[in-house]
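Below is one structure, written out as structure tokens; the observations come after it.
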Amino acid sequence: MGGDVSIRLEGFSAAESAELTKLAVSELDRLEDVFSLYRPSSALSKLNRDGVCSEAPEELIAALKFCRNLYEKSGRAFDPSVQKLWESYEAGKSDLAEVLTLVDFDRVHVSGSDVILPVGMALTLNGIAQGIATDGITALMRKAGARHTLINLGEFRALGPKLDGSAWRVGLRDPSAIWRTSDVVHLRSGALATSAGSGHRFRNGHHLFDPRSGQSAQHFDSVSVVAPTATLADGLSTALYVLPLERARQMVSQYDNVAARFTCADGRIILTDRWKDLVA
């Protein structure tokens, strides 16, 4: 899905690690065939092209249900139907009125294993797909007996601490200078995801859109989330980035074992309750 991948395995022999790596690559390839916007043959690409996907993969249906929950809890701030906005920004278009008529997740129809889109609409699951893949690889590793593993597919998930019992150290990029870190997170379990406008910039904005206005969200420079799963951390970091601070903090409070770190546009760093507890 266009990102780098790394897996740190401790407690396995070289041969065992090589075999687990093959399993992980195979699983990633399988999930690319569901969620990729780059592969014309993926289930999501076919859905966007044809407007319908019958007997969709169960992973796609589950992802859309997860998106529905985030969409509703965030008051529409998290909306997978922003793909046409992305395409318009990439093309340098400034008139978004027509495009906004194609941004409305309420109009996506999911019935059983069938998905139907309104004419002209397209979806992106980039807000959670890497998290889903990270959790999928985590499940494979856990089944193989991994207890000291750090998985990084753009979102991080720790399956236990390091072999010596210490935490995995994960740097948070400084959104104003992405070649350096602004903080370090300590993970022994759970997941970490960060959303930042610096991740992909267009001539007239960045890729984290407020789907209600069509404009790039401007409340924060970055939002990091720790959560029990990478899917939740990934989706929440995207949703929170779009919301104003107090509404974002309120949304975090709806979840157990979740915390967020906000780098505000004015440079302030705001931590929600439990951030220090979860990353200590």
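The values are calculated or read from the model by the stated rules, or taken from the named source; none is laboratory data. Just so it is clear, the structure is predicted and the values come from calculations on it, not from any experiment. FYI the Cβ positions are ideal-geometry reconstructions off the backbone, even for glycines, and counts take in every protein chain you see.
Surrounded by fewer than 24 Cβ atoms within 10 Å (Cβ to Cβ), free of Cβ contacts under 8 Å to residues at least 12 places away in the same chain and part of a strand (DSSP E or B), is that true of Arg180?
In short, yes.
Taking into account only those residues within the range 168-177 that are free of Cβ contacts under 8 Å to residues at least 40 places away in the same chain and more than 21 Å from Asp266 (Cα to Cα), which is surrounded by the most Cβ atoms within 10 Å (Cβ to Cβ)?
Step by step, filter the range 168-177, then rank; the result is Val170.
Looking at the range 218-235, which of the residues that are out of contact with any Leu (no Cβ under 9 Å at 6 or more places or on another chain) and either acidic (Asp, Glu) or assigned to a strand (DSSP E or B) (or both) is farthest from Leu153 (Cα to Cα)?
This residue is Asp221.
Mind listing whichever residues of the range 254-272 are on the phi < 0 side of the Ramachandran plot and exposed (fewer than 13 other Cβ atoms within 10 Å of the Cβ)?
Gln254, Asp256, Asp266, Arg268, Ile269
What number of residues within the range 183-212 are over 14 Å from Val223 (Cα atoms), without any contact (Cβ under 8 Å) to a residue 12 or more places away in the chain and either small (Gly, Ala, Ser) or not in a strand (DSSP E or B) (or both)?
Qualifying residue count, the range 183-212: 1.
For residues in the range 178-207 being of a type in the set (S, T, N, Q) and farther than 18 Å from Cys264 by Cα, which is modelled with the highest pLDDT? Lay out the reasoning, then the answer.
Filtering the range 178-207 for residues of a type in the set (S, T, N, Q) gives 181-182, 189, 194-195, 198, 204.
Now drop any that are not farther than 18 Å from Cys264 by Cα, which leaves 189, 204.
Numbers: Ser189: 95, Asn204: 81.
So the residue we want is Ser189.
Whether any residue in the range 57-70 is in contact with a strand residue (DSSP E or B) (Cβ under 9 Å, 6 or more places away or on another chain) and in a loop (DSSP other than H, G, I, E, B) is what I want to check. Before the answer, list the steps.
Filtering the range 57-70 down to residues in contact with a strand residue (DSSP E or B) (Cβ under 9 Å, 6 or more places away or on another chain) leaves 60-61, 64-65, 68.
This time we only want the ones that are in a loop (DSSP other than H, G, I, E, B), so: none.
No; the residues of the range 57-70 include none that is in contact with a strand residue (DSSP E or B) (Cβ under 9 Å, 6 or more places away or on another chain) and in a loop (DSSP other than H, G, I, E, B).
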